[in-house]
Amino acid sequence: MIILKIGPSENGSRLDRLLRKRLPLLGLSSIYGLIRKGAVRVDGKKIKQDYRLKEGDDLKIDVDESEFQSEEKPQNSLADLVRTDFFKRNFSVLYEDPSILICNKPAGLVVHSGSGHSNSDNLIDLATAYILSKSAPPQKSATEPETPVLMHRLDRDTSGVIMLAKNKGVVRALHDDLRAGKFTKQYAAICHNRPPEYEGTVTLGMKRRDNKNAGMKMSVSEDGAASSTTYRVLGYQNNISQLEILLHTGKTHQIRVHMSHLGAPILGDERYGNHRLDKDVFSSASKKAIAKRLYLHAHKLSFPHPKTKKSMTITAPLPKEFALALENPSHHLKI
């Protein structure tokens, strides 16, 4: 889901023309299909393709963030980002070659300006600044570097491995491999309690529901879209478990919903978790203080390289707070 606040530069633009610009990987028929079925809304309302956008409109587009291309920013302003403390705190490269850039995203960083953030406080702008900082000065470079393209998404509060394509030439190959199921996404999670079994596969229907006050939330529903997750308990002590999780589908908030459904909500999950248990862990005076965050981390990403087709696995080390969370002595061990 993309949420875009319409600014002065888009004021008066036709909806279909803006979508063609921002969704360059989708054909025109696919864009019109999104509009017809209500997957494109302004301020929550279904609209027609010739709607003229107004400054301040909240445009919601129900597509994967990797399909979306943000409006290009002046490169000189982005280039300055690499010298900021924000960049140094939030940008970390795990792997890079001429085709792809793989980062270790920290918890709390949004991946895209289309998520309601537009002040360069997002992964795309940080990655663009990084690429600009490594390129030749404009007068010595025949072509300017392209804006990197997100190939999959991570929630703002989830940390870990995330891939960007460095040029449009490899985007289609990566998309094809993603849709063909050639990517394997392995997560690490710290949960309250533990699932009923030490390992298993959760298959559930999930449906989106919007609450005017609480915002969007996914829920388990028999008539919802199918979702599947495999988990394995790696450790369990003090009523806290560490899980290894594999995604078989990529529905919004899938892991968080599945773990909550199993009675093992993820520590620090404000939307689907257990607030009482969270408070007990985060405020316990009998243990070292741990960071208050969502304890979900994209640990490993395996995929075929878009050019060489060589199998690759990139790992983002577990954040140090994950180990601290398991050391909480304020609970009684249950196995």
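Computed from the coordinates by the stated procedures, all read-outs in this text should not be read as laboratory data. In this text the structure is predicted, and so the values were computed from the model without any measurement. Cβ atoms come from the backbone with ideal geometry, glycine included; neighbour counts cover every protein chain shown.
For a paramagnetic label modelled on residue 279 (point 7 Å from Cα along Cα→Cβ), amide N atoms under 18 Å away belong, within segment 231-270, to 265-270.
Go ahead and run the numbers for FRET between residue 29 and residue 289, Cβ-Cβ distance against an R0 of 56 Å, rounding to 0.05. Once the sixth-power term is evaluated, E becomes 0.55.
With the simple spin-label model, which puts each label point 7 Å out from Cα in the Cβ direction, the residue 221 to residue 54 separation comes to 3.0 nm. Modelled this way, with points 7 Å down the Cα-to-C-beta line, the labels at residue 36 and residue 79 are 4.6 nm from one another.
Peptide packing: for 43-53, 247-257, 102-112, the average count of neighbouring Cβ atoms within 10 Å per residue gives the ranking 102-112, 247-257, 43-53, highest mean first. If R₀ is 25 angstrom, what is the calculated FRET efficiency for the pair residue 184 and residue 234, using the beta carbon separation as r and rounding to 0.05? So the FRET efficiency works out to roughly 0.90.
For the pair residue 318 and residue 96, the difference between a 0.36 nm per residue extended length and the Cα-Cα distance amounts to 77.9 nm. Based on the alpha-carbon gyration tensor of segment 184-325 and its eigenvalue square roots a ≥ b ≥ c, which shape applies: rounded if a/c is under 1.5, prolate if not and a/b is larger than b/c, or oblate? Since a/c reaches 1.5 but b/c is at least a/b, the shape of segment 184-325 is classed as oblate. Charging the Cβ of each Asp and Glu at -1 and of each Lys and Arg at +1, and nothing else, the dipole of segment 2-63 about its Cα centre rounds to 200 debye.
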